[in-house]
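Heads up, the thing below is written out as structure tokens.
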Amino acid sequence: MLIDSHVHIFPEQIAAVAINRICLQGGSIPYADGTADGTLKKMDEWGVDKAVVLNIATNPQKQRKINDAALRLRSDRLLPLGSVHPYAEDALSEVDYVAGKNMVGIKLHAEYQGFDLLEEKAQAVYQRCQEKGLLIYFHSGGDLAYPGSFRTSTERVLEILHNFPKLQLILAHLGAFRMWDEVYRDLCGTSACFDISFAHSYVKGSLFLKILNKHGSEKILFGSDCPWQSAKDTYDYLKSFNLPQEDFELICSGNAKRIFGI
Ligand SMILES: [Zn+2]
């Protein structure tokens, strides 16, 4: 089984506009059209059985709308996470709403949401997530659309792990995009899980293996970041390492089943 832990789907009526805008910002070409139907077709083509759908509340006023749209996607193959905006007045009650709807966690993206990882309002959200048993999936490290910005740095993540020891963090892009030496130094061996999205285009095989071996295959998740990357390229990259079958299966599906309760 193959579970893609990092997929984005947009509401039908805004998918084309949203994808064009983000691709222009990041200088990339999309691999899917960003709709639910289009993504499911691509998943069939790439051999992906299930996907975890990540949403980002980019506007404090729209978090409920975004969470309700995410909930409508829920199906046998799609597992949506919620999102809250740390600057929303009702951010903490929205965490409760997400938990009440049995979503397993929220996605946060400090660049898209414009907050500082360690500011009080953000830490209050982490605290509430820890209390409610919700995981937090962070965009981590650099972002092609925000050159030079590294709001989710390994040092700040370490501080969150220290402050919230029971909080399950998942860090996109193999721990932190374009900060992989720091990931190896600071984050390998912590309780955070890393997805492997974007690694195939940017991380040398030798460094990928160093990170994998130090961190442990039970904390690595298969994730593509579709539509910005393809699950097939991500899969081929992972396959090229000829990992022991047990490790390969953990990364492809076993860890996702355990962490997301799939
Ligand atoms: Zn993403």
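Checked against the criteria, Ser93 does not count as within 16 Å of the ligand (Cβ to nearest atom) and either among the acidic types (Asp, Glu) or surrounded by fewer than 21 Cβ atoms within 10 Å (Cβ to Cβ) (or both).
Go through the residues of the range 144-151 one by one and say whether even a single one is over 28 Å from Leu73 (Cβ atoms) and touching a residue at least 24 places away in the same chain (Cβ under 8 Å). Looking through the range 144-151, at least one residue is over 28 Å from Leu73 (Cβ atoms) and touching a residue at least 24 places away in the same chain (Cβ under 8 Å). Among the criteria (1) under 23 Å from Leu78 (Cβ atoms); (2) of a type in the set (Lys, Arg); (3) modelled with pLDDT under 95, the one Lys257 does not fulfil is (3).
Candidates are the residues of the range 158-186 that are part of a helix (DSSP H, G or I) and of a type in the set (Phe, Trp, Tyr); the one that is nearest to Phe138 (Cα to Cα) is Trp180.
Evaluation of Trp180 against the conditions (1) crowded, with 19+ Cβ neighbours inside 10 Å; (2) within 25 Å of Ala57 (Cβ to Cβ) shows that the sole unmet condition is (2).
In the set (1) modelled with pLDDT of 95 or more; (2) of a type outside the set (D, E, K, R); (3) surrounded by fewer than 19 Cβ atoms within 10 Å (Cβ to Cβ); (4) within 16 Å of the ligand (Cβ to nearest atom), the condition left unmet by Ser230 is number (3). For the range 114-140, taking the residues that are part of a loop (DSSP other than H, G, I, E, B) and at negative phi, the one that is nearest to the ligand (Cβ to nearest atom) is identified as His139. Restricting to the range 20-55, and then to whatever is under 21 Å from Leu108 (Cβ atoms) and at pLDDT below 95, can you tell me which residue is surrounded by the most Cβ atoms within 10 Å (Cβ to Cβ)? So the residue we want is Gly34. With respect to the stated conditions, Leu174 is within 16 Å of the ligand (Cβ to nearest atom) and either hydrophobic (A, V, I, L, M, F, W, C) or in contact (Cβ under 8 Å) with a residue 60 or more places away in the chain (or both).
Whenever a residue of the range 1-19 is modelled with pLDDT under 95, its partners that are more than 16 Å from the ligand (Cβ to nearest atom) and among the small types (Gly, Ala, Ser), lying with C-beta atoms within less than 6 angstrom and at least six residues away or across chains, give the pairs Pro11/Ala69. The residue pairs whose first member lies in the range 97-113 and is on the phi > 0 side of the Ramachandran plot, whose second member is more than 13 Å from the ligand (Cβ to nearest atom) and of a type in the set (D, E, K, R), and whose beta carbons are closer than 7 Å, counting only pairs six or more residues apart or on different chains, do not exist in this structure. Within the range 193-222, the residues that satisfy the criterion of being touching a His at 6+ places or on another chain (Cβ under 9 Å), part of a loop (DSSP other than H, G, I, E, B) and of a type outside the set (Val, Ile, Thr) are Ser197, Phe198, Phe222. The number of residues in the range 9-21 being part of a helix (DSSP H, G or I) and farther than 13 Å from Cys226 by Cβ comes to 8. Here is a list of conditions, (1) assigned to a helix (DSSP H, G or I); (2) within 27 Å of Gln123 (Cβ to Cβ), and Ser149 meets all of them except one; can you say which number that is? Against the list (1) assigned to a helix (DSSP H, G or I); (2) within 27 Å of Gln123 (Cβ to Cβ), Ser149 comes up short only on (1).
The values are calculated or read from the model by the stated rules, or taken from the named source; none is laboratory data. No experiment lies behind these values; they were computed from the predicted model shown. Cβ sites come from the backbone with ideal geometry, for glycine too, and all protein chains shown count toward neighbours.
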